[in-house]
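Remarks on the structure that follows.
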Amino acid sequence: MDEIMSLCKRRGFIFPASEIYGGINGFWDYGPLGAQLKKNLKDAWWQDCVLTPPIGPDGDEVQIVPVDSCIIQNPKVWEASGHVAGFNDPMVDCRESKSRYRADHVQVLRPSGDGHLMFAYVEGDAETASKARKAVDKYLSKNADAGDYTPVELTSIAVADLARVVGPHAKDKGTLTEPRAFNLMFKTYVGALATEDDIAYLRPETAQGIFANYKNVVDTTRVKMPFGIAQVGKAFRNEVTPRNFTFRSREFEQMEIEFFCHAEEAQKWYTFWRDWRMAWWRSIGLGSDNLILREHDADELAHYAKEGAGTSDIEYRFPFTAPGYGELEGIADRSNFDLKQHAEHSGAKLEYFDTERGELAKNGQPKGERYLPNVIEPSAGADRGALAILCEAFTPDPERPSKVFMRFHPRMAPIKAAVFPLVNKDGMPEVAGTLARALKRHFGNVEFDAKQNIGKRYARMDEAGCPFCFTIDGDTLNDQTVTVRDRDTLDQQRINIDQVAGFLREKLGLEERD
Ligand code: ATP
C-alpha cells in the first residue's frame, strides 16, 4: 500500500488535502490524474446506470432518472432519517453478541506482557466485570507470562490491538468494532446569527436527498413503478478514525440509486441489482478474485432491512484489508422505511397510486393500488471505487524502467493515449501536435509529450496507466506510419497515421459499447 500511495503522490493521483499546511486528517485531494480517473468512474456509472441503463429482469430497460440535491437540507430530513438521534457519541459494536456499547463506557483489562489476550467489561456493570476477572484468572493460569492485568479505557487501545480483546458479552476475541462516532454528521450554521436554531448538517449520504425529492420526481416525470432515482455527490461523515488512505475519509463521494418497487417485487429487484452491480464493477477492471459479493447474515442486517429481501456488500481485497475485504458498495432492501419516515415527519403524502395493480373493476381494468414502495438501494463509493481501481491496476514489473505500470481498464485510464515526437525537429512536433489534437476530440484526455528521451516518456505513461503511446519519427514524414506501443504487452507495431483513431476506438472498446 505504501508503494501505491507513493505512486499516487508522485504522479499526481491523490494528495493529502491542505498538504502545504500539514494536511487535515481524513481529507484527500485528487491531482490531475486522480481527478480524471475518478471522473471516468463516475461518468461510467452515470452512463451505464442513468443514460443507458441495463435491461431489467422483465426484459425491459430499467427506468432511472437523476437528481442533484443540496448537501445541506432542512435538518428535519436528518431527524426523519434517524441520523440526528442515532448518530451520537462513539459507539462500539460486538459482532458476536450484537451488543452496542458507548466506547467510553467500556474498560479493558490489559496485561503488562505483550501479545496476550485482553478482556473488556462495561464500566459499572458487575456482571461483565466479574466475567472479565474470571477470564483473566483462567488465562493467567495457562499464560503466566501475561503479567499484571490493569483496567484501561477501550478508547486507549490501538485499533490493531482490538483483535486481542474479548468483548464484555463475547466468548471470542476480536469481535469488537472500533469506536465509531454516531454523530458522524458535520454541523454547521445557516445564516449569520449562528444560534442553536440555525444548526444544519452536511449530508452523511446522498440517499436522503433522493427520498426528499421522491414526490417531486413522481409528479414531474413520466416514471412509473418500478423506477429508480440516481444521484452522485459528496457526503460527509466525521469518522472517528479516518484511515487506510481514501478508504475511510471524512469527505467522500457516493453514487447512489434508490430503486422503488412494489414490496412483492422487492426480491426480484434486489437480486437483479446485486448481480448487475457486481457485473458492472467487473466490467470496469475489477475482474480478479479480489472482488467478492458478500450476502449479509440475517443477524447483521440494519433495522430497516430485517424484513427485506436482503443486504449484500460488494467488497474488494485492498492491500490494507487483505486477507480480508473492504466494502465498495452496499445493496440493500430498505423496505419502505425511509419514505414512511419522511411521510410521518413531513406530513407529505408519499404513497404511490399504481394504476396497474389492484382488483379488477367491472370494465376489466385494475382499480389501482395505493402503497408506499419498497426501496432497493445500490449505494457505491466513488473514492473507494477509485482506490480499488488504483490497487488493481498497480503492477510491479522490474524489467521496465518505471519498475511498475498501472494496468487500468481503458475506460478508466485517465490518459487514453499519448503522442510523442521522437525528436523536437524536422516537423515531428507539428505532426504529433496535430494528431494529439485530433485524437483529443474523440477520446478525451490525450497527452502530447516532447520532453526527455523516449524511454523516460514511456516510463511516465506506464506509471500514469496510459494504454497506448504513438511515436512520430523520421519514417512518419516519409511513409505516414507511426509506432504504437502497447502498455501491457510492450509490443510495438507500425500503423498508418490515418488508422490511429480507428485503432484506438477498437482497442479502447468504444465499438463494443456503440
Ligand atoms: P463502512 O461500514 O465502511 O463505514 P457503511 O456501510 O457505513 O461503510 P454506507 O453507509 O453503506 O457505508 O455507504 C455506502 C458507500 O459509501 C460505501 O460502500 C462506501 O463505498 C462509501 N463510504 C461510506 N463511508 C465512507 C467513508 N468514510 N469514506 C469513503 N467512502 C465511504
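General remarks:
- Residue within the range 144-165 that is without any contact (Cβ under 8 Å) to a residue 40 or more places away in the chain, assigned to a strand (DSSP E or B) and within 16 Å of the ligand (Cβ to nearest atom) present: no
- The condition (being crowded, with 20+ Cβ neighbours inside 10 Å, closer than 30 Å to Gly115 by Cβ, assigned by TED's automatic domain parsing to the domain that holds Val106 and not basic (Lys, Arg)) is satisfied by just one residue among Thr177, Thr128, Thr150: Thr128.
- Scope the range 466-475; condition open to solvent by less than 70 Å² (accessible area, probe 1.4 Å) and over 13 Å from Val419 (Cα atoms); matching residues: Gly474
- For the range 347-378, the set of residues classified as open to solvent by less than 10 Å² (accessible area, probe 1.4 Å) and within 13 Å of the ligand (Cβ to nearest atom) consists of Pro378 only.
- Taken together, the residues in the range 379-412 that are away from the ligand (no atom under 16 Å from the Cβ) and on the phi < 0 side of the Ramachandran plot amount to 19.
- When the test is whether a residue is in contact with a strand residue (DSSP E or B) (Cβ under 8 Å, 6 or more places away or on another chain), within 13 Å of the ligand (Cβ to nearest atom) and open to solvent by 40 Å² or more (accessible area, probe 1.4 Å), Phe186 passes it.
- Residues located in the range 7-28, provided they are open to solvent by 70 Å² or more (accessible area, probe 1.4 Å) and assigned to a strand (DSSP E or B): Trp28
- The set of residues from the range 93-125 being open to solvent by less than 30 Å² (accessible area, probe 1.4 Å) and polar (S, T, N, Q) comprises Ser99, Gln107.
- Identity of the residue in the range 401-410, open to solvent by less than 60 Å² (accessible area, probe 1.4 Å) and in contact with a helix residue (DSSP H, G or I) (Cβ under 6 Å, 6 or more places away or on another chain), that ends up farthest from Arg460 (Cα to Cα): Phe408
- Subset of the range 29-53 [surrounded by fewer than 16 Cβ atoms within 10 Å (Cβ to Cβ) and farther than 30 Å from Leu7 by Cβ]: Leu51, Thr52
- Considering Glu307, Glu344, the condition of being away from the ligand (no atom under 13 Å from the Cβ), at pLDDT 90 or above and not in a strand (DSSP E or B) is satisfied by Glu344 alone.
- Hey, Ala170 open to solvent by less than 30 Å² (accessible area, probe 1.4 Å) and more than 16 Å from the ligand (Cβ to nearest atom) or not: yes
- The condition (being open to solvent by 40 Å² or more (accessible area, probe 1.4 Å), within 12 Å of the ligand (Cβ to nearest atom) and within 13 Å of the chain's Cα centre (by Cα)) is satisfied by just one residue among Glu251, Glu256: Glu251.
The values are calculated or read from the model by the stated rules, or taken from the named source; none is laboratory data. Every value quoted in this text rests on a predicted model; they were computed, and no experiment measured them. In this analysis, Cβ positions are derived from the backbone assuming ideal geometry, glycine residues included, and neighbour counts consider all displayed protein chains. For the accessible areas, the whole protein counts, side chains as well, though only heavy atoms, and no ligand, DNA or RNA atoms are used. Shrake-Rupley method; radii C 1.70, N 1.55, O 1.52, S 1.80 Å.
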